[in-house]
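K.L.:
Once you've had a glance at the structure underneath, I'll fire off some questions.
The values are calculated or read from the model by the stated rules, or taken from the named source; none is laboratory data. All values reported here derive from a predicted model rather than from experimental measurement. So basically every Cβ, Gly included, is an ideal-geometry build from the backbone, and we count neighbours across all protein chains shown. With ligands, DNA and RNA removed, areas are computed over all heavy atoms of the protein, side chains included. Shrake-Rupley method; radii C 1.70, N 1.55, O 1.52, S 1.80 Å.
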Amino acid sequence: MGARDYGAALEALSSLITKRSRGDGTNRGDSFDLMPRYLQVAGLDEPLSKLSIIHVAGTKGKGSTCTFSESILGECGYKTGLFTSPHLIDVRERFKVNRANVSEHVFLKHFWWCWDQFKMNVGIDMPMPTYFRFLTLLAFKIFIEEKVDVAILEVGLGGRFDATNVVRTPTVCGITSLGYDHMEILGYTLPEIAGEKAGIFKQGIPAFTVAQQKEAMDVLQKKASELDIRLQVVSPLTEQLLNGSQLSMEGEHQLSNGALAVALCHCWAHRRNEKKHLAMFDDAMSKGYLPEPYIKGLISAQLLGRAQQIQDQAVKGLSFFLDGAHSPESMEVCGRWFCVAVHKANCTSERELHATDMSNEQLDAHAANKGGSSIFKIHKTDGTSKRVLLFNCMPQRDPTVLLPRLINTCDNHGFPFHHAMFVPGLSSYTQVTVDLPSATKDGSSENEDLSWENSIQKVYDSLPQSQSGAEKQNKTSELFGGVRSCVVPSLPAALDLLRQYCHDHSSHKLQVLVTGSLHLVGDVLRMLKK
């Protein structure tokens, strides 16, 4: 084989990507029953059994919960390993040691070792592991060789047949909020989906979850009972527990994710008999709040592309609000976060911000009683602030379900969009990473098929228009010709349009919500970085 640099590793990884869905039984290399054999071939089965693991499944909040857990235990002085998915810019984002992406040197050393082990042993009965299987095995190798104290594993898809579920003896398991996603693989009812997620439960291993809908909770409790597990349900964090501090990741839902992380970390320390850690925890809780390292971990944790705000450095007045929401429930959560974030951004002073700040409960109360007066309303700066939706979703998802949840949430809370753009993604789903593509003069890639984007636009345009003040302003607005939406042939072209508007209207601000797909969020982050 030729050069074994980073580019060669990414090319090799790309060759493992199939067009079939993970969990599709027609793909032998993606068959779960091969995972123990892959462990044996790589000599990872015995060392993996000795690795201390926190295993987390769920529909929403897996990444946040894992990131909170990593941050807490890192602040407590432990050497942490974190495996999450997907990556947004660089595949090394999936593998963190001590809260940092592994270096290229470490990645390449373990990557090529694993690659060689599998290549030497492949055959008809055991093909090369597919993309996500390989990445999971690579994560095990990295964490074992780097001698982490704790490995935190985020399930990729489902639970029962996920590659991470080859772990037989985790220290503790967690289930985040459940909802409807990947239904073509996991099932079309909440009990079916809950059953797949509960597949990570192991005999006698403690498990924690957050509040769930009854039909989902019943399945989780039944599965836990069968395995002699006491499934514990955590309550959201409170301001008192955080000793007046605020979580680094915004949104009311993060209080539940943070609480689950706290429970997982405390249980991990208990099962490891970390006496100093437990004494610290008990001492702080006796005073009514979490230990300082827990609070520091919760207020410093960061997750790329989730409730993230970025100012465009190329032009004044252009702000991006990025969130990789792609399920009906998460679209609503994203809309709530966007409304609060825009509200804060539009306040003209700290005094005004505190005078008009609202909790999510107050926000919802306002939405339920829109006719009355409210301190949560369009501020004087809003006349120059225009909200734009930049959206795409994978063809496996249904925009007729996703878009109404987002649009109605923003409309009801008084922050409707003035315009929506629908764009194709840059990323190829058959390779690990891409450079920005060459483009034609209008910024579009040649022969771009925009039929999917056109169909999403039709869904958006069919939704009832808000009658709020901001939408009435839009009818006389010069924003992109006053049209409600458009399909832009490429993401670079969309960014050019947004920047050109801000250049031509220097007194205006554009607040752009990027959502619907983590791939789209990653593409935007990559472009802004360049």
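K.L.:
List every residue whose amide H lies under 5 Å from the amide H of ILE53, counting only residues 5 or more places away in sequence or on a different chain, with H placed 1.01 Å from N in the peptide plane.
P.N.:
ALA151, THR171, VAL172
K.L.:
Considering amide H positions built from the backbone, and no H for Pro or chain starts, which residues 5 or more places from GLY158, or on another chain, come under 5 Å of its amide H?
P.N.:
Excluding prolines and chain starts, which carry no amide H, there are no hits.
K.L.:
Would you calculate the separation in nanometres between label points at ASP283 and ASP449, each defined as 7 Å from the Cα along the Cα-to-beta-carbon direction?
P.N.:
6.3 nm
K.L.:
Using a cut-off of 12 Å between beta-carbons, work out the net charge of the residues near LEU510 (Lys and Arg +1, Asp and Glu -1, LEU510 not included).
P.N.:
On the way: positive: LYS316, LYS386, ARG387, ARG499, LYS509; negative: ASP312, ASP504.
Overall, the nearby charge balance is +3.
K.L.:
Please give the net charge around GLY204, taking every other residue with its beta carbon less than 14 angstrom from that of GLY204, where Lys and Arg add +1 and Asp and Glu add -1. Mind showing how you got there, number by number?
P.N.:
Numbers: positive: ARG168, LYS202, LYS223, ARG230, ARG271; negative: GLU226, ASP228.
Charge balance near GLY204 sits at +3.
K.L.:
Ranked from highest to lowest mean number of other Cβ atoms within 10 Å per residue, what is the order of the peptides 153-164, 194-205? The partial results should precede the final answer.
P.N.:
Numbers: 153-164: 23.9, 194-205: 21.1.
Highest-to-lowest ranking by the protection proxy: 153-164, 194-205.
K.L.:
Compute the projected area of the convex hull of the Cα atoms of the range 117-236, averaged over all viewing directions, and report it in nm² to one decimal place. Provide the component values of the computation, followed by the final result.
P.N.:
Numbers: hull surface 36.7 nm².
Projected area, direction-averaged: 9.2 nm².
K.L.:
Would you kindly find the accessible area of SER462, with a 1.4 Å probe and non-protein molecules such as ligands, DNA and RNA excluded, rounding to the nearest 10 Å²?
P.N.:
Number for this one is 80 Å².
K.L.:
Mind giving me the FRET efficiency for GLN213 and GLU11? R0 is 45 Å, r the Cβ-Cβ distance, nearest 0.05 is fine.
P.N.:
Working: r = 44 Å, r/R0 = 0.98.
The calculated FRET efficiency here is 0.55.
K.L.:
Each residue of the range 479-489 in order: what ³J(HN,Hα) in whole Hz does its phi give by Karplus 6.51 cos²θ - 1.76 cosθ + 1.60, θ = phi - 60°, with x for Gly and Pro?
P.N.:
Running phi through 6.51 cos²θ - 1.76 cosθ + 1.60 with θ = phi - 60° gives 4, 6, x, x, 7, 6, 7, 7, 9, 10, x Hz.
K.L.:
In the P(r) worked out for the range 211-290, what percent of Cα pairs fall beyond 14 Å? Walk me through the intermediate numbers first.
P.N.:
Values: 2246 of 3160 pairs.
The share of Cα pairs beyond 14 Å in the range 211-290 comes to 71 percent.
K.L.:
In whole percent, and with a 1.4 Å probe on the protein chains, what portion of the accessible area of the range 146-211 is carbon and sulfur? Each step should come with its number before you reach the end.
P.N.:
Values: 1110 of 1990 Å².
With neighbouring chains kept in place, the figure for the range 146-211 is 56 percent.
K.L.:
Through the Karplus equation 6.51 cos²θ - 1.76 cosθ + 1.60, θ set to phi - 60°, convert the phi angles of the range 106-117 into ³J(HN,Hα) values in whole Hz; use x for Gly and Pro.
P.N.:
5, 4, 5, 4, 7, 4, 5, 5, 5, 4, 5, 4
K.L.:
Please find the FRET efficiency linking GLN232 to HIS503, where r is the Cβ-Cβ separation and R0 is fixed at 41 Å, and quote it to the nearest 0.05. Before the final figure, lay out the partial values.
P.N.:
Working: r = 55 Å, r/R0 = 1.33.
For R0 = 41 Å, the calculated efficiency reads 0.15.
K.L.:
When only the heavy atoms of the protein chains count and the probe is 1.4 Å, how do THR171, THR384 rank by accessible area, highest first?
P.N.:
On the way: THR171 15, THR384 50 Å².
The most accessible residue leads, giving THR384, THR171.
K.L.:
Okay, next question. Any of LYS62/LYS197; LYS344/LYS386; LYS60/LYS197; LYS96/LYS197; LYS60/LYS458; LYS458/LYS509 with alpha carbons more than 22 Å apart? Name them for me.
P.N.:
Pairs exceeding 22 Å: LYS96/LYS197; LYS60/LYS458; LYS458/LYS509.
K.L.:
Another one. What is the calculated FRET efficiency for LYS276 to GLN309, with r their C-beta to C-beta distance and R₀ = 41 Å, to the nearest 0.05?
P.N.:
Numbers: r = 38 Å, r/R0 = 0.92.
Working from the Cβ atoms, E equals 0.60.
K.L.:
Something else now. With every protein chain present, what is the per residue accessible area of the range 1-150 (1.4 Å probe, Å²)? Write out the running numbers ahead of the final one.
P.N.:
Numbers: 5800 Å² over 150 residues.
Accessible surface, normalised per residue, equals 39 Å².
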